[in-house]
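Trainee: Would you mind keeping the following structure in view while I ask a few things?
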Amino acid sequence: MSNPYLCSVLETVKRRYPGESEFHQAVTEVLESLVPVIERNKDLQEAAILERIVEPERQIIFRVPWVDDKGKVQVNRGMRIEYNSALGPYKGGLRFHPSVNTSIIKFLGFEQIFKNSLTGLMMGGGKGGADFDPKGKSDNEVMRFCQSFMTELQRHIDADTDVPAGDIGVGAREIGYMFGQYRRIRNVWHGVLTGKGLDYGGSLVRTEATGYGCVYFCDEMLKDKKTSFEGKTVVISGSGNVAIYAVEKAQQLGGKVVALSDSNGYIYDPDGIKLDIVKRLKEVERKRIGEYVKEVKTAKYTEGKGIWTIPCDIALPCATQNELDGNDAKTLVKNGVIAVAEGANMPSTPDAVKVFLEAKTSFGPGKAANAGGVATSGLEMAQNSQRLAWSFEEVDRKLHAIMVNIHDSAKAAAEEYGTPGNLVNGANIAGFVKVANVMKSNGVI
Ligand code: NDP
Ligand code: 2IT
């Protein structure tokens, strides 16, 4: 990085949080994008905006004890990083996955600040989770875990303070159990979580929102290239919430989705993925994606990594961080990929991002391309405050408008600051400027 001030901010982060590689990666990318902003606006340095924005406002780490079905006491580690509340209540998901640690939750919370700012809604940034693995647990075990987790978390959150939602390993079932426990302990009924069931305050389109939003964003990038999803071959990684609804919208727009994956392997269906089968396997039966080939004989399952070797026009990484590296990116480019939009958070490594940008592949970074989920959470909060529920069409129309707006503001910021077409810089800058302005107006806090 060329700017000594930004270098010193990054050094402080690394010294204060040694070994937190995902967190360092996310901060480095944002700071690199901000070089021209800092050089043009000296007042940001005087107000120490960067030193303040990289340090979370509050970090809560807690023990989560629970009893499994065999009567054995289990202990997990829960956390919530309340990162930045300049634009509104802390907002961001909860991740339940054995890999969860402070580096991963801080990287996600940091990204969330800029993502939420890009939505144009009034939401600060936060993230939380636990190193709990819902896989293979009974519903009762998941319920007891969620109740124990919320018994501690409830003292830190509120509808106007911090509003968690889902992420990896946290879907409608987990949100339901956590909402129930919150209501029981606090004796209030309000929209303290988003992603709720439709019969208790959830919003239509929230389930679909991240996947749909990612495809809407990608469609805007394709329009800039005077093309569309129609007739394109699409590869989507993951087979969870984001991936499933990215498939649905890509298919609605005329794309042919040929592959999906999970952490064990990937399926390839040259005739196009049959989404009704995937939804049943994943959403109802909670099975592995490999089971698909038992029902669709023309499809093939391959153990391990390798989904990015499948030739495609459009790639949508929708699984997890750093799932697509420099070599994968080179393979995709060699095979003629024209657009990559990140449904997951930080799925492309820095090397991969470099390859895409150099090859002039249209590249939509996660904090812009996957903002549809949190944006629709913002719409859920608005409906809860009004005590009203909007129609599917109305929420979808608002989501679409937000995604178009995010694309256009990232594109405009990239141009304004001298890197036209670079939506990584554009998203980081457009997201940052709003938060920085509020932090300046609100004084040193
Ligand atoms: P789900 O838990 O529904 O699905 C996650 C999917 O990713 C599964 O197919 C899972 O496979 C796969 N996956 C998870 N970890 C790994 C890993 N280490 N290696 C390979 N595959 C892995 O989560 P979501 O679909 O909600 O989340 C997917 C991504 O989207 C995450 O990066 C999340 O942060 C991001 N995101 C989610 C939003 C939302 O609204 N849900 C909003 C914005 C971003 P397996 O079953 O084998 O673990
Ligand atoms: O990464 C994300 O934006 C999410 N997991 C969704 C957060 C939210 O509050 O809906």
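The values are calculated or read from the model by the stated rules, or taken from the named source; none is laboratory data. Fair warning: this is a prediction, and the values are worked out from it, not measured in the lab. With ideal geometry, Cβ positions are generated from the backbone for all residues, glycine too; neighbour counts draw on all protein chains shown. Remember, those area values only see protein heavy atoms, side chains included, never the ligands or the DNA or RNA. Shrake-Rupley method; radii C 1.70, N 1.55, O 1.52, S 1.80 Å.
Trainee: Can you give the charge dipole size of the chain about its Cα centre, rounded to the nearest 20 debye, using +1 on the beta carbon of Lys and Arg and -1 on the beta carbon of Asp and Glu?
Mentor: Computed about the Cα centre, the dipole is about 700 debye.
Trainee: So what does residue 5 come to for accessible area, using a 1.4 Å probe and Å² rounded to 10?
Mentor: Here the residue's solvent-accessible area equals roughly 20 Å².
Trainee: Which distance in nm do the two modelled labels at residue 160 and residue 74 give, with both placed 7 Å along the Cα-to-Cβ direction?
Mentor: 3.8 nm
Trainee: Just the projected area, averaged over all directions, of the convex hull on the alpha carbon atoms of the chain: how many nm²?
Mentor: Result: 20.5 nm².
Trainee: If you don't mind, there's one more thing I want to ask. What does the charge count around residue 381 come to, taking other residues whose C-beta lies under 14 Å from its C-beta (Lys +1, Arg +1, Asp -1, Glu -1)?
Mentor: Within the 14 Å Cβ shell, the charges total +1.
Trainee: Quote the relative contact order of the chain in percent (integer), defining contacts as alpha-carbon pairs under 8 Å separated by 6+ residues.
Mentor: Relative contact order, the chain: 15 percent.
Trainee: Cross-link partners among lysines for residue 106, C-alpha distance below 21 Å, same-chain residues fewer than 8 apart left out?
Mentor: 14, 91, 115, 127, 367, 434
Trainee: Nearest 5 percent is fine: what portion of the DSSP beta bridges confined to the chain is antiparallel?
Mentor: Approximately 55 percent, going by the DSSP bridge assignments.
Trainee: About the Cα centre of region 192-348, how large is the charge dipole given +1 on each Lys and Arg Cβ and -1 on each Asp and Glu Cβ? Please answer in debye to the nearest 20.
Mentor: Its charge dipole is roughly 180 debye.
Trainee: In deg cm²/dmol, rounded to 500, what helix-only [θ] at 222 nm does the chain give when every DSSP H run of at least 4 residues adds -39500 (n - 2.57) and the total is split over its residues?
Mentor: -15000 deg cm²/dmol
Trainee: Roughly speaking, to the nearest percent, how much of the chain's 1.4 Å accessible area is carbon and sulfur?
Mentor: 50 percent
Trainee: Do any GluC sites (Glu not before Pro) in region 283-349 lie in a loop, going by DSSP, with at most 13 other beta-carbon atoms within 10 Å of their beta carbon, and if so which?
Mentor: Numbers: sites: 283, 285, 291, 295, 303, 323, 342; in loops: 285, 323, 342.
Within region 283-349, the qualifying GluC sites (Glu not before Pro) (loop, at most 13 other Cβ atoms within 10 Å) are 285.
Trainee: In whole Hz and in residue order, list the ³J(HN,Hα) couplings for region 351-368 that follow from phi through the Karplus curve 6.51 cos²θ - 1.76 cosθ + 1.60, θ = phi - 60°; x for Gly and Pro.
Mentor: Residue by residue, region 351-368 yields 4, 5, 4, 4, 4, 5, 5, 5, 7, 6, 5, 5, 10, x, x, x, 5, 9 Hz.
Trainee: For the chain, set up a GNM with springs between Cα atoms under 10 Å and report which of 236, 61, 185 has the largest fluctuation.
Mentor: 185
Trainee: Could I ask something else about it? Could you order 390, 189, 66 so the one with the most accessible surface comes first? Probe is 1.4 Å. Walk me through the intermediate numbers first.
Mentor: Values: 390 40, 189 110, 66 15 Å².
The ordering from most to least exposed comes out as 189, 390, 66.
Trainee: With just the Cα atoms defining each centre, how far is region 363-403 from region 56-84? Give it in Å.
Mentor: 29 Å
Trainee: Given a 1.4 Å probe, how much area per residue of region 70-178 is accessible, in Å²?
Mentor: 30 Å²
Trainee: Turning to a different aspect of this structure: Give a residue-ordered list of calculated ³J(HN,Hα) values for region 382-397 (Karplus: 6.51 cos²θ - 1.76 cosθ + 1.60, θ = phi - 60°; whole Hz; x for Gly, Pro).
Mentor: Going residue by residue, I get 4, 5, 4, 5, 7, 6, 9, 10, 8, 6, 3, 4, 5, 5, 4, 5 Hz, with x marking Gly and Pro.
Trainee: Then there is this: Among 67, 161, 189, pick out the residue whose Cα is farthest towards the positive end of the charge dipole of the chain, where Lys and Arg carry +1 and Asp and Glu carry -1 on C-beta, about the Cα centre.
Mentor: 67
Trainee: Tally Lys and Arg at +1 and Asp and Glu at -1 over the other residues with C-beta under 12 Å from the C-beta of residue 197: what net charge comes out? Write down the numbers at each step before the final one.
Mentor: Numbers: positive: 173, 196, 206; negative: 174, 199, 380.
Result for the neighbourhood of residue 197: 0.
Trainee: Considering the chain as a Gaussian network with a 10 Å cut-off on Cα pairs, which listed residue, 348, 33, 21, attains the greatest mean-square fluctuation?
Mentor: Checking each option, the largest mean-square fluctuation is seen for 21.
Trainee: Mind grabbing the accessible area of residue 87 for me, 1.4 Å probe, Å², rounded to tens?
Mentor: Counting only protein heavy atoms, the figure is 10 Å².
Trainee: Compute the separation of the alpha-carbon centres of region 159-229 and region 308-329 and state it in Å as a whole number.
Mentor: 25 Å
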